[in-house]
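I have placed the structure first, in the form of structure tokens, so that the comments after it can refer back to it.
The values are calculated or read from the model by the stated rules, or taken from the named source; none is laboratory data. Computed from a predicted model, the values in this text were never measured in an experiment. As a convention, Cβ positions derive from the backbone with ideal geometry for all residues, glycine included, and neighbour counts pool all protein chains shown. Only protein heavy atoms, including side chains, enter the accessible area calculation; ligands, DNA and RNA are left aside. Shrake-Rupley method; radii C 1.70, N 1.55, O 1.52, S 1.80 Å.
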Amino acid sequence: AVVSTQSTGLRAGVIGALEDKRDERVKEVLIGFQTLARGWLARKRFRKLLDLRVGVLVAQRNTRQYFVLRKWQWWRLFTKVKPLLSVTRQEEKKKKKKKKKK
């Protein structure tokens, strides 16, 4: 926009009032943006904490199950036989192939 050097025909103080209104509006927009950004970051942190909590609960449940099963004779037999099964070896081969592709 071209600004002329001539008088704009506005009364004294009108330009100052317009600048004050503009400053208030800019302030409102920036505060709104800051609010959205802080909310987004807070939700992101909260999701991370929930994921950690779920992980801890799963680890605790698995540990409890292990302590129940470790004295069970069938579980002992299963853990000794499982590595000898061909299914386990095939899964390991698939994992190795995937690692090589990467």
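Shape of region 15-67 from its Cα gyration tensor (a ≥ b ≥ c, root eigenvalues): rounded if a/c is under 1.5, otherwise prolate when a/b > b/c, or oblate?
Details: a/c = 13.88, a/b = 12.50, b/c = 1.11.
Prolate is the answer for region 15-67, as a/c is 1.5 or above and a/b outweighs b/c.
Choose one answer from THR63, THR35, THR79: the residue with the largest mean-square fluctuation in a GNM of the chain with alpha-carbon springs under 10 Å.
Fluctuation is largest for THR79.
Got a number for the accessible area of ARG47? Probe 1.4 Å, square angstrom, nearest 10.
ARG47 exposes around 130 Å² with every protein chain in place.
With a 1.4 Å probe and all protein chains left in place, how much of the accessible area of the chain comes from carbon and sulfur atoms, in whole percent?
61
So with the 1.4 Å probe, I'd like the accessible area per residue for the chain, rounded to whole Å².
Ligands and nucleic acids excluded, the result is 104 Å² per residue.
Rounded to the nearest 20 debye, what is the charge dipole size of region 36-90 about its Cα centre when +1 sits on each Lys and Arg Cβ and -1 on each Asp and Glu Cβ?
It works out to roughly 180 debye.
Which value, in debye to the nearest 20, describes the size of the charge dipole of the chain about its Cα centre when Lys and Arg Cβ atoms bear +1, Asp and Glu Cβ atoms bear -1, and nothing else is charged?
Using Cβ point charges on Lys, Arg, Asp and Glu, the chain gives about 1960 debye.
With a cap of 13 neighbouring Cβ atoms within 10 Å, and only residues DSSP puts in a loop, list the chymotrypsin sites (Phe, Trp or Tyr not before Pro) found in region 2-102.
Hits after loop and neighbour filter: TRP72.
Report the dimensions of the chain along its three principal axes from the alpha-carbon atoms, largest first, rounded to Å.
Projected onto its principal axes, the Cα set of the chain covers 97, 36, 11 Å.
What do the square roots of 5 times the Cα gyration tensor eigenvalues come to for region 44-99, in whole Å, largest first, as semi-axes of the equivalent ellipsoid?
Values: eigenvalues 178, 101, 4 Å².
Working from the Cα gyration tensor, I get semi-axes of 30, 22, 4 Å.
Divide by every residue of the chain the summed helix terms, -39500 (n - 2.57) for each DSSP H run of at least 4, and state the resulting mean residue ellipticity at 222 nm, rounded to the nearest 500 deg cm²/dmol.
Using -39500 (n - 2.57) per qualifying helix, the result is -28500 deg cm²/dmol.
Distance in nm between label sites at LYS96 and PHE67, each 7 Å beyond Cα in the beta-carbon direction?
For the pair LYS96/PHE67, the computed spacing is 3.8 nm.
Projected onto the charge dipole of the chain (+1 at Lys/Arg Cβ, -1 at Asp/Glu Cβ, origin at the Cα centre), which of TRP40, GLN73, VAL58 gives the Cα projection farthest towards the positive end?
GLN73
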